[in-house]
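Participant: For reference, the structure I am asking about is given below.
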Amino acid sequence: MIEVSHISKRFGHRLVLEDVSFYVEKGEILGFLGPNGAGKTTTMRILTGFLPPNSGTVRIGGYDIQKEPLKVKRLLGYLPEHNPLYTEMTVRDYLFFVAETKGVERPNRKTQVNETIERCGLREVASRLIGHLSKGYRQRIGMAQALIGDPEVLILDEPTIGLDPKQILEIRQLIKELAGKKTIILSTHILPEVSMTCTRALIINKGRVVAEDALDNLTYTRGVSISVRANPQTLLSTLNSIDGVKRVAIEDEKEGIVRASIETGQEVRAKIAYKIIQNGWELFEMTPLRASLEESFVRLVTEEEGQ
């Protein structure tokens with residue numbers, strides 16, 4: 001549905017994007033991650049036709065964004081990072097204006113606006129001036145305008161910024177409900193949001209793609225958790241003697257069964273199991289400890305900067 005091929009962008013002498021390529025399948029939700037200044041917003045502006053790339057191509061729904069921009073924009077719903085709204089209009093009037101601007105046929109406008117108001121939790125404030133509403137409500141109005149016109153592709157830049165915890169859960173649930181129905185690119189600094197809503201993630205740093213994969217593949221195994229019947233101190237010294245073990249933490253002991261987490265620098269599960277058997281201890285459980293998306297993100301960005 002979205003195909004980005006070798007795009008680069010300069011502002012003067014500063015190279016903001018360098019040879020960026022990626023794709024998004026129809027119905028997929030792609031998490032778009034990167035530190036501040038990585039080039040995320042510039043990429044989104046190119047995808048939506050606000051900025052042209054200096055080189056490379058973008059195709060959405062089979063249309064080239066530079067050759068057929070109007071056809072592409074009819075497919076798009078966009079929530080930018082800084083959500084621009086007409087603050088002197090009421091919520092309902094603004095959404096009717098958006099529907100008219102997007103070319104929604106007159107007989108369908110009322111139904112579509114009302115459905116979007118309900119979907120985005122705006123019914124209580126539908127008749128109020130946007131300028132009198134909180135930042136959280138304004139963000140939901142931005143989400144609503146992106147949904148008006150029933151676009152096939154949604155590009156969302158920080159959609160939950162400024163929302164309270166309840167509102168964040170509601171928007172996350174809305175995004176998850178759209179999975180399979182719409183193709184979504186979700187840019188956010190809140191990494192758990194990607195874990196909860198996206199099927200795949202792309203990490204960009206200093207204008208270059210440093211990783212792109214399914215979420216399970218982006219995280220890595222950083223150790224194991226074990227449950228074993230043994231003396232805690234003897235277990236601790238034995239595990240620490242294994243080559244490749246970085247740190248051992250005894251988490252608890254109950255009825256002689258010790259639970260410990262073991263951080264490793266390499267695959268050492270076989271060595272751990274061998275030591276346990278060699279000492280005649282009973283092994284009840286051995287479970288891989290996977291790094292969080294935050295840990296993987298920091299590791300990937302740090303390694304790329306080091307290179």
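Participant: Across region 205-223, what is the number of residues that are at negative phi and at pLDDT 90 or above?
Facilitator: 2
Participant: Spot the failing condition for Arg10; the list is (1) under 17 Å from Leu186 (Cβ atoms); (2) touching a strand residue (DSSP E or B) at 6+ places or on another chain (Cβ under 8 Å), and only one is missed.
Facilitator: (1)
Participant: While we're here: Sort out which residues of region 243-276 are touching a Lys or Arg at 6+ places or on another chain (Cβ under 7 Å), closer than 16 Å to Met286 by Cα and not polar (S, T, N, Q), and write them in order of number.
Facilitator: Passing the criteria: Glu251, Asp252, Ile257, Glu263.
Residue-wise test of (1) exposed (fewer than 15 other Cβ atoms within 10 Å of the Cβ); (2) touching a residue at least 24 places away in the same chain (Cβ under 8 Å); (3) of a type in the set (Val, Ile, Thr).
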| residue | (1), (2), (3) |
| --- | --- |
| His13 | yes, no, no |
| Leu47 | no, yes, no |
| Tyr94 | no, yes, no |
| Gly103 | yes, yes, no |
| Asn114 | yes, no, no |
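Participant: While we're looking at this one, here's another question. Being of a type in the set (Lys, Arg), surrounded by 15 or more Cβ atoms within 10 Å (Cβ to Cβ) and under 30 Å from Ala201 (Cβ atoms) is the filter here; which residues of region 214-250 pass it?
Facilitator: If the condition is that a residue be of a type in the set (Lys, Arg), surrounded by 15 or more Cβ atoms within 10 Å (Cβ to Cβ) and under 30 Å from Ala201 (Cβ atoms), then Arg222 is the only one that fits.
Participant: Still on this structure, I have one more. Do the conditions hold for Arg140, that is, is it touching a Ser or Thr at 6+ places or on another chain (Cβ under 6 Å) and in the same structural domain as Val24 (by TED's automatic domain parsing)?
Facilitator: no
Participant: Kindly check whether there is at least one residue in region 258-275 that is under 25 Å from Gly39 (Cβ atoms), of a type in the set (Gly, Ala, Ser) and surrounded by 12 or more Cβ atoms within 10 Å (Cβ to Cβ).
Facilitator: No: region 258-275 contains no residue that is under 25 Å from Gly39 (Cβ atoms), of a type in the set (Gly, Ala, Ser) and surrounded by 12 or more Cβ atoms within 10 Å (Cβ to Cβ).
Participant: Checking the conditions here, which among Ile262, Ile276, Ile272 is under 32 Å from the mean Cα position of the chain (by Cα) and not assigned by TED's automatic domain parsing to the domain that holds Leu202?
Facilitator: Unique residue meeting the criteria: Ile262.
Participant: Which residue, of Ser227, Ser296, Ser241, is without any contact (Cβ under 8 Å) to a residue 40 or more places away in the chain and of a type in the set (Ser, Thr, Tyr)?
Facilitator: Ser241
Participant: With region 76-176 as the region, which helices (runs of 4 or more DSSP H) entirely inside it contain at least 2 residues that are closer than 23 Å to Thr42 by Cα?
Facilitator: Here the list reads 135-147.
Participant: Taking region 59-91 as the search range and keeping residues that are over 30 Å from Gly162 (Cβ atoms) and of a type in the set (Gly, Ala, Ser), which one is surrounded by the fewest Cβ atoms within 10 Å (Cβ to Cβ)?
Facilitator: Here the answer is Gly62.
The values are calculated or read from the model by the stated rules, or taken from the named source; none is laboratory data. What you see is a predicted model; the values in this text were computed from it and never measured. Glycine also receives a Cβ, built like all others from the backbone with ideal geometry; neighbour counts cover every protein chain displayed.
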